[in-house]
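*Asks:* Pasting a structure here, questions to come.
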Amino acid sequence: MKNTPENHPVAVGIDVAKSSLSVNIRFRDGNERALAIRNIEADINHTLLPAMEQCSGKVVMESTGHYHWLVALLLTHAGHDVRVVNPLLAKQYTSGTVRKVKTDPADAAGLARMALVADNLPPSFSLGPDALFLRKKLAVLGSMASHLQALKASLASAEDARVILNQTDSAALRSLRDAVAGVRRSLDVLEHECIRDAKNCNSVREAMPLLTSIPGVSEFCAALSLQWFRLGGGITSKSWIAYAGLDVSSRESGTWRGRCKLTKRGNYFLRRRLYSAAWGAVMNDSHFKSYYDHLRTDEGRAHVEALTIVARKIVRTMFSVMRSNIAYNQSMFSHKYLLSTPLPLAPSL
């Protein structure tokens, strides 16, 4: 193919699998090119990058655990504008055809179409290997914490049954209790390691004191939040709340009003830590305690519902201190102030 401006790529979609990449390249003249390569550095450097030479558009791929990291890092390093999108968002484009087709090339074509026309793409991929590995460790920590909670509940149930039935303790149960205690210690070490790694990042190290100045927000909660919350054009505190899954769904049709509930579509581990931060704030800060009492007494909220509302308030406060670059101050960041007073934008971290 002759290398002319009409034949330069204007959009690229990549369907990522563990061991393979299905690529769709769209050119300025309307033609397309499909590639199927291995998800290894050699194929990306020797086959994909030459095919994308002088690409002037975006590269879109789905977030697929950690399998998209290699191609995203290599393409970003080569100067391409990579956008990693939520699979729910990508589905709107990959399934928007008359014929119901579900193949890797078809998905790649849908992602290329998304790169060409979508106006709601996330910011460009900008994470480095250290930040990505920190995210993976945080994901492992969240997953293992959930499994540990289930294991502790199972052991507690077995211990209750043993006492009720007047049975002697067994070596197997003692071994399991020791194993659970060992996992707990390992998770504590991993948590401190995540805090250390976060502090080694310049932007996070500068922002962490802003978040830890908020009552209830620990260093780990701040480090976790800074991995998922980002400032930028069009981003609001409501989008942060929605990302944590703390927003309330609406169920209405005509005159019918359904029962609203939390969407819980965000990061589970982040939501859990924000809930813990809300409880810590209520226990240790008079301002948050009075707000919690107001929700419980004056509005008749249940305990969990009130703490969830306090957690949303903490997220709004996080957004405000990050945007204004000013540490938390009780008189400045009161509830009414947060709702009614705009704050000046600070440079993005």
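The values are calculated or read from the model by the stated rules, or taken from the named source; none is laboratory data. This structure is a prediction, so every number in the text was calculated from the model and none was measured. Neighbour counts are summed over all protein chains in view; Cβ atoms, including those assigned to glycine, are modelled from backbone coordinates with ideal geometry. Note: areas computed on protein heavy atoms with side chains; ligands, DNA, RNA excluded. Shrake-Rupley method; radii C 1.70, N 1.55, O 1.52, S 1.80 Å.
*Asks:* Could you work out how much longer the chain between residue 296 and residue 148 gets when fully extended? Use 0.36 nm per residue separation minus the Cα distance between them, nm to one decimal.
*Replies:* Using 0.36 nm per residue and subtracting the Cα-Cα distance, I get 50.1 nm.
*Asks:* Can you pull the one-decimal nm distance between simple spin-label points at residue 70 and residue 189, each 7 Å off the Cα toward Cβ?
*Replies:* In this crude label model, residue 70 to residue 189 measures out at 2.9 nm.
*Asks:* Follow-up. Ignoring any ligand, DNA or RNA, what whole percent of the accessible area of the chain comes from carbon and sulfur when the probe is 1.4 angstrom?
*Replies:* Result for the chain: 54 percent of the exposed heavy-atom area is carbon or sulfur.
*Asks:* Please work out how much length the chain gains when fully extended from residue 200 to residue 33, using 0.36 nm per residue of separation minus the C-alpha to C-alpha distance, in nm with one decimal.
*Replies:* Here the segment from residue 200 to residue 33 would lengthen by 55.9 nm.
*Asks:* Under a point spin-label approximation (7 Å from Cα along Cα-to-Cβ), what is the residue 262-residue 103 distance to one decimal in nm?
*Replies:* Taking the simple label geometry, residue 262 and residue 103 are separated by 4.3 nm.
*Asks:* Okay, moving on. Looking at 225, 157, 72, which one has the Cα that reaches farthest to the positive end of the dipole of the chain (charges on Cβ: Lys, Arg +1; Asp, Glu -1)?
*Replies:* Value: 157.
*Asks:* Further, regarding this structure: Would you work out which of 86, 303, 27 lies farthest towards the positive end of the dipole of the chain, given +1 charges on the beta-carbon of Lys and Arg and -1 on that of Asp and Glu, about the Cα centre?
*Replies:* Farthest along the dipole direction, towards plus: 303.
*Asks:* At a temperature of 25 °C and a viscosity of 0.890 mPa s, determine how fast the range 73-231 diffuses translationally according to Stokes-Einstein, using the Kirkwood radius over alpha-carbon pairs as Rh; express D in µm²/s, rounded to the nearest whole number.
*Replies:* 123
*Asks:* Can you give the Rg and Dmax of the chain based on its C-alpha atoms, in angstrom?
*Replies:* Gyration radius and largest Cα-Cα distance of the chain: 24.4, 84 Å.
*Asks:* May I ask you to derive the FRET efficiency for residue 54 and residue 133 from their Cβ-Cβ distance with R0 = 45 Å, giving the value to the nearest 0.05?
*Replies:* Here the calculated transfer efficiency is 0.90.
*Asks:* Quote the FRET efficiency, to the nearest 0.05, computed for residue 88 versus residue 170 with a Förster distance R0 of 51 Å and r equal to the Cβ-Cβ distance.
*Replies:* Working from the Cβ atoms, E equals 0.65.
*Asks:* Something else now. If I model a spin label as a point 7 Å beyond the Cα along the Cα-Cβ vector, how far apart are those points for residue 45 and residue 117 in nm?
*Replies:* Taking the two extended label points, one gets 3.8 nm.
*Asks:* Another question, then. Test of understanding: what is the full-extension gain from residue 326 to residue 238, defined as 0.36 nm times their sequence separation minus their Cα-Cα distance?
*Replies:* Roughly 29.7 nm would be gained on extension.
*Asks:* So, one more: Per residue of the chain, what 222 nm ellipticity follows from adding -39500 (n - 2.57) for every DSSP H run with n ≥ 4, rounded to the nearest 500?
*Replies:* -16500 deg cm²/dmol
*Asks:* State in Å² the accessible area per residue of the chain; use a 1.4 Å probe, count heavy atoms of protein chains only, and round to the nearest integer.
*Replies:* 55
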